[in-house]
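The next block holds one structure in the form of structure tokens; read it before the comments.
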Amino acid sequence: MSHSVTPYAIRPGFAQSIARVREAFFRRDPARWPVFAQEPFASVLAFRRLNLPPAERVAHYPDGPALHAQLRALAAVPAQLSDPSASLDPLVVFAAALAKNWEIPHSVENVATMPCDPAIYGVMLGAMANANLVHPEYAEMAVELENSVVRQIATQVGWDPTLSAGIFTQGGTFCNLYGYLLGIRKNLPLAREYGLEHGLDYRIINSQGGHYSNTTNLSLLGVNLRRKSLRIRITDDNDMDMADLERQLRACFQLGCVVPTIMLTMGTTDTFAIDRVKPVRDLCAQLCAQYEVTAKPHIHVDAAVGWPLIFFLDYDFERNPLEINDDTLTGLRRNTERFRELRYADSFTVDFQKWGYVPYTSSLVMIRDQRDLAALEHDPENFSYFEKDTEGQTHLHSTIECSRSATGVFGAATALAHLGIEGHQILVANSLQTAGYFRHRLAQTPGVMCLAPSNRGPSTSFRLYDPALVADPEAEFSREYEALTTPDWQQRVTRNNDYHRKVFKQRGKGALYTNYVQGAAHTDYDEHGHYHLLPGEKAVFMNPLTRFSDIDSFIARIHG
Ligand SMILES: *Cc1c(COP(=O)(O)O)cnc(C)c1O
């Protein structure tokens, strides 16, 4: 077996595997996927393949500026029908060609990616079939397809597929909404009829490191955010501070306060922090016994981004058959151990549309015990609209939506069928190797502080300092982190932020289309338990087409 020169290099066996995956699943190759040779797909793809920077795309498209003007002005439905045999409506084709180009190798914005060819096929087929999962009468065999995807994910995470359940829903945000709701309905059953402010006092627990949907959903549910939600502190690596969780849980239980739901995150969007689940579950069991609490907190895990790590649960890390490089293998092993605990969740969020390479939207909330769905059921009287005999075979009474598209199911089912565990492993490992190489290059670059470097996910955030003023970025970041202990703190942070923002703007969309985010890092807590957010720049390496050479070009002009 050949050994790599550096721990960051791509090893030969892996290079072959990722080349094969790109070729078969990310080339839009008409020899494999014939629709891509048909109009208007062919010309839309040809235009997107030019990989033009966003600012140049309208001007470059045939009649682009005129079409753009027409599109912006269009406000009335055409009076006449139009024969589609000539071509599809040019404005629709224009919009498809110039919609965000995820296929460009420089695209590393956020947890989003180009979808794989089979998933596009699956979604097109699903759109044509037009199943509505609200009721089996409107979906027929598509219900079985949904169930089959749910069982595959259940098996992969280590659940009994015959005892668990799952619902495809509108995005990861709704999956998290289900997570909160499951806990509320199980532990405060009167809330369905009387609302949350009736009866027992309660607190809902989430993490300061969680996605914003953790908060917006609570507001949507009518939860008093200021008084009834507890946001647990986070560690320097952005995962939940277990000591703070224990303090808060004890306080709740001592006062006879119900904790319907605890929301954890495995793979935060910007820094890929991974909360542990088993210790939270054990803590709940221990404290429930101690305080004689019967309403056990429902533990929901937001794994919207992180879930594909479950494809490594059975990976042979000793033999390493994929020849994943040493740098990535170490971090992957640590993170996989954390994901081994996902099975202790009561429910979790899966976004196929992110690291699962499926078109928007394809999100699934997984529920360990299918009996939990009974807690969500509304009175059957409300559903007089539907055929009675078949109602029992569906989640009709438990879902938040009425109409529920099956296109996400078709996309996910097709991606799973064609990529398999192996394909997902290759794609995840490729992301992590690319992110690892980026971190390695950042570490060699003056003025860069890489944030939460031990998290080893596809997301990498960093702060950039003026090398003329800051010789030691780590020391500078430490000073920023120890908020307010020096009188010139704010001035210094502002100076650094201004430098980074200026350079970021000046660079524009170049070798990597990074983002500038307001909360890339946080300071330490002050004596009142408050902290400040620190902005930074981030890149998320999920794009299978991003090359090391794109990273090299980016690093070469990182300071503008
Ligand atoms: C993207 C994301 C969400 C929200 O999912 P949507 O599908 O965008 O609604 C929730 N949590 C995390 C960690 C995410 O990254």
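The values are calculated or read from the model by the stated rules, or taken from the named source; none is laboratory data. Note that this is a predicted model, so its numbers are computed, not measured. Here the Cβ positions follow ideal geometry from the backbone for every residue, glycine too, while neighbour counts run over all protein chains shown. Surface accessibility is based on the protein's heavy atoms, side chains included, excluding ligands, DNA and RNA. Shrake-Rupley method; radii C 1.70, N 1.55, O 1.52, S 1.80 Å.
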For the chain, what relative contact order do you get, as a whole percent, if you take Cα pairs closer than 8 Å and at least 6 residues apart?
21
Pairing rule first: another cysteine's C-beta must sit under 4.7 Å. Under that rule, which cysteines of the chain stay single?
Cys116, Cys175, Cys284, Cys288, Cys402, Cys450
At 7 Å along the Cα-to-beta-carbon direction for both Lys278 and Ile400, put a label point, then send me their distance in nm to one decimal.
3.1
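What does the charge count near Cys252 come to, summing +1 for each Lys or Arg and -1 for each Asp or Glu among other residues with Cβ under 12 Å from its Cβ? If you can, show how the numbers build up before the last one.
Working: positive: Arg203, Lys228, Arg247, Arg250; negative: Asp201, Glu246.
Residues close to Cys252 contribute a combined charge of +2.
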For segment 442-492, using Cα atoms only, the Rg and Dmax in Å read 12.0, 37
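Once you order the gyration tensor axes a ≥ b ≥ c over the Cα atoms, which shape class does segment 125-424 get: rounded for a/c under 1.5, otherwise prolate or oblate by comparing a/b with b/c? Display every interim value, and only then the final one.
Numbers: a/c = 1.93, a/b = 1.03, b/c = 1.87.
Oblate, since a/c reaches 1.5 and b/c is not below a/b.
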Would you mind telling me the antiparallel percentage of the DSSP bridges in segment 216-375, rounded to 5?
50
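Tell me whether segment 167-243 comes out rounded, prolate or oblate; compute the Cα gyration tensor, take square roots of the eigenvalues as a ≥ b ≥ c, and use a/c under 1.5 as the rounded threshold.
Values: a/c = 2.17, a/b = 1.35, b/c = 1.61.
Here segment 167-243 falls in the oblate category.
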Would you mind checking segment 205-230 for residues with the amide N under 20 Å from a putative spin-label position 7 Å along Cα→C-beta of Glu197?
205, 216-230
What share of the DSSP beta bridges in segment 125-424 is antiparallel, in percent to the nearest 5?
50
Ignoring any ligand, DNA or RNA, what whole percent of the accessible area of the chain comes from carbon and sulfur when the probe is 1.4 angstrom?
53
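To check you understand DSSP bridge types, tell me what percent of the beta bridges within the chain (both residues inside) are antiparallel, rounded to 5. Don't jump to the answer; show the numbers that get you there.
Working: 26 of 39 bridges.
Rounded to the nearest five, the antiparallel share is 65 percent.
Counting only heavy atoms of protein chains, what accessible area per residue, in Å², does the chain have with a probe of 1.4 Å?
45
Tell me whether segment 87-233 comes out rounded, prolate or oblate; compute the Cα gyration tensor, take square roots of the eigenvalues as a ≥ b ≥ c, and use a/c under 1.5 as the rounded threshold. Please report the intermediate quantities before stating the final value.
Numbers: a/c = 2.08, a/b = 1.51, b/c = 1.37.
In terms of gyration-tensor shape, prolate.
What does the charge dipole of the chain about its Cα centre add up to, to the nearest 20 debye, if the Cβ of each Lys and Arg holds +1 and the Cβ of each Asp and Glu holds -1? Don't skip to the answer; put the middle values down first.
Numbers: 53 positive and 63 negative charges, 221 e Å.
Using only the charged Cβ atoms, the result is roughly 1060 debye.
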Mind jotting down the distance between the C-alpha centroids of segment 459-518 and segment 1-75, whole Å?
33
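Return the Rg/Rh value of the chain, two decimal places, where both radii are evaluated on C-alpha atoms and Rh is the Kirkwood radius.
Numbers: Rg = 24.8 Å, Rh = 25.4 Å.
Across the chain, the Cα-based Rg/Rh ratio is 0.98.
Please give the net charge around Ala452, taking every other residue with its beta carbon less than 15 angstrom from that of Ala452, where Lys and Arg add +1 and Asp and Glu add -1. Show your work: numbers first, answer last.
Values: positive: Arg334, Arg338, Arg439, Arg456, Arg463, Lys538; negative: Asp236, Asp237, Asp239, Asp241, Asp270, Asp275, Glu474, Glu480, Asp524, Glu537.
After counting each charged neighbour, the total is -4.
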